[in-house]
Amino acid sequence: EDAERINSADVAVVEHRRRLLEEWYAWRAVTEEELAEEREALGLPEDPVAELLKAHAAAVAPDEEEKVIE
Amino acid sequence: MRPILLSGHERALTQVKYNRDGDLIFSTAKDQQICAWYSHNGERFGTYHGHVGAIWTVDVDPTSTMIASGSADNTIRLWEVKTGKCLKTWEFPTAVKRVEFNEDGSKLLGVTEKRMGHMGTIVVLDIDLDVNAEQSDEKSLTIVCDESKATVAGWSYLSKYIIAGHEDGSISQYDAKTGDLLYNFPIHELNNPVVDLQWSQDRTYFITASKDKTAKLISAKDLEVKKTYVADTPLNSAAMTYKKDFVILGGGQAAMDVTTTSARQGKFEARFYHKIFEEEIGRVRGHFGPLNTVAADPTGKGYASGGEDGYVRVHHFDKGFFDFTYEVERERANRLS
């Protein structure tokens, strides 16, 4: 009987965690989608920093691309 | 792997911060210099001299070109990372307790201290990431905190909101363009200051740490509290790890503030919690005083903590850390693969 009780408590804990995980990822999916839509509506790049780094690299070493040796 | 001990400061640490690539760590302390370190081996990359008071805060722009710092000498300074050159100094009537760049490095906010005759404010400065450019003297925005002074603040996704934590334990959301207060909620216990605020990578949510012994995960859009992490000591700092769903809390009471006689008085440990399940999963010892600041490597490789003891400890996560998963997480991963 004890073992059964412990077992059902474990099941409850696991169920609870499973629910928390689902809720979290559901919220993340909605939030990420909203963010992507907002970014697009504002005409902003998906990853603002990637664009920035590209521009930065070009400014620091403008002839970088020409240096490629085949 | 053993932690790397960075011993370049002579006084208590105030903030540690990784750059976006995770290869550099910047640290500030109550002594008057900013240090930069290589995160993989702890070698010093450089120091930045000029402040004439305790330095409370530092941030690095997303391209690692510039850092900004705020100090008890009532200035915000902008520095070139590579050369250590001070590019600009802005003066304020009171100390600067927090600085943060927005997601594209075009704006910098500063939180100024409240003092007799001066309200606490959040100021916004426009930044030109060209090191040769003349930076503007003018503040592009000033938010006056007339209810309770701001202790920390940061920029949300799309630089849409400025989120601030206050001395009274509340959190505010301001329109980042107009400075209008949109929401103010009493999120932490009344009159328990919010002492840290750090962002998720996409800046849609953030974690706060408070003297009320809790850290909270909050949505930037509506200030909804998603998670609460309960500790047994007043907190100074909270960070989120990347790649793994953990949070790291730092705190502890200084010896002079400890009134109990328990054996483990100080509780000078970094505490790890599962971000989603809110359960404590481990502690890391090492500091001889409270942890004033914790930061996670944005590339997920490790974390750093800065203590009242004057040390920065850099930890690289080992295999056990990455392997640690709950059964339900494995289940989910298997289902998705």
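The values are calculated or read from the model by the stated rules, or taken from the named source; none is laboratory data. All figures in this text were calculated on a predicted structure; none of them were measured in a lab. Please note: Cβ atoms are built from the backbone with ideal geometry, for glycine as well, and neighbour counts cover all protein chains shown. For accessibility, only protein heavy atoms count, side chains too; no ligands or nucleic acids. Shrake-Rupley method; radii C 1.70, N 1.55, O 1.52, S 1.80 Å.
Can you list the strands (runs of 3 or more DSSP E) found entirely within segment B:61-120 that contain at least 1 residues being out of contact with any Phe, Trp or Tyr (no Cβ under 8 Å at 6 or more places or on another chain) and open to solvent by 50 Å² or more (accessible area, probe 1.4 Å)?
Working: elements: B:66-71, B:75-80, B:86-91, B:96-101, B:107-112.
Correct list: B:86-91.
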Return a yes/no flag: does segment B:192-214 have any residue that is out of contact with any strand residue (DSSP E or B) (no Cβ under 9 Å at 6 or more places or on another chain), within 27 Å of B:Asp61 (Cβ to Cβ) and outside any strand (DSSP E or B). yes
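Which members of segment B:121-144 meet the condition of being in contact with a helix residue (DSSP H, G or I) (Cβ under 8 Å, 6 or more places away or on another chain) and open to solvent by 40 Å² or more (accessible area, probe 1.4 Å)?
In the first step, residues of segment B:121-144 are kept if they are in contact with a helix residue (DSSP H, G or I) (Cβ under 8 Å, 6 or more places away or on another chain); the result is B:129-130.
The answer is B:Asp130, and nothing else.
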All positions within segment B:215-239 that are part of a strand (DSSP E or B), surrounded by fewer than 24 Cβ atoms within 10 Å (Cβ to Cβ), of a type in the set (A, V, I, L, M, F, W, C) and touching a Leu at 6+ places or on another chain (Cβ under 8 Å): B:Val225
Taking interchain pairs and intrachain pairs at least six residues apart, which have beta carbon atoms under 7 angstrom, with the first residue in segment B:311-337 and within 27 Å of B:Asn292 (Cβ to Cβ) and the second open to solvent by 80 Å² or more (accessible area, probe 1.4 Å)? B:Tyr311/B:Leu5; B:Tyr311/B:Ser7; B:Arg313/B:Leu5; B:His316/B:Met1; B:His316/B:Lys301; B:Phe317/B:Lys301; B:Asp318/B:Met1
Looking for something touching a helix residue (DSSP H, G or I) at 6+ places or on another chain (Cβ under 7 Å) and in a loop (DSSP other than H, G, I, E, B) - is there at least one such residue anywhere in segment B:50-58? no
Could you tell me how many of the residues in segment A:1-22 are touching a helix residue (DSSP H, G or I) at 6+ places or on another chain (Cβ under 9 Å), open to solvent by less than 70 Å² (accessible area, probe 1.4 Å) and either touching a residue at least 40 places away in the same chain (Cβ under 8 Å) or not basic (Lys, Arg) (or both)? 3
Taking only segment B:115-154 into account, find how many residues are of a type in the set (A, V, I, L, M, F, W, C) and within 14 Å of chain A (Cβ to nearest Cβ). 4
Does segment B:277-290 include one or more residues that are away from every other protein chain (no Cβ under 14 Å) and surrounded by 19 or more Cβ atoms within 10 Å (Cβ to Cβ)? yes
Considering only residues that are more than 18 Å from B:Tyr273 (Cβ to Cβ), more than 15 Å from the chain's Cα centre (by Cα) and among the aliphatic types (A, V, I, L, M), which ones fall in segment A:14-45? A:Val14, A:Ala41, A:Leu42, A:Leu44
Quick one: in segment B:293-337, of everything that is of a type in the set (D, E, K, R) and in a helix (DSSP H, G or I), which residue is farthest from the other protein chains (Cβ to nearest Cβ)? B:Lys319
Looking at B:Gly46, B:Gly8, which one is more than 21 Å from B:Asn132 (Cα to Cα) and either at pLDDT 95 or above or out of contact with any Pro (no Cβ under 6 Å at 6 or more places or on another chain) (or both)? B:Gly8
Pairs, please: C-beta under 8 Å, at least 6 apart or cross-chain, first residue at the interface with another protein chain (Cβ under 8 Å from one of its Cβ atoms) and in segment A:23-39, second surrounded by fewer than 12 Cβ atoms within 10 Å (Cβ to Cβ)? A:Arg39/A:Glu46
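Could you grab me the full set of residues in segment B:189-211 that are open to solvent by 20 Å² or more (accessible area, probe 1.4 Å) and over 12 Å from the mean Cα position of the chain (by Cα)? Outline the logic, then answer.
Keep residues of segment B:189-211 that are open to solvent by 20 Å² or more (accessible area, probe 1.4 Å), which gives B:189-193, B:195, B:198-199, B:201-203, B:211.
Result: B:Glu189, B:Leu190, B:Asn191, B:Asn192, B:Pro193, B:Gln201, B:Asp202, B:Arg203, B:Lys211.
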Quick test for you: out of B:Asp104, B:Asp137, pick the one residue that is among the acidic types (Asp, Glu) and farther than 28 Å from B:Gly22 by Cα. B:Asp137
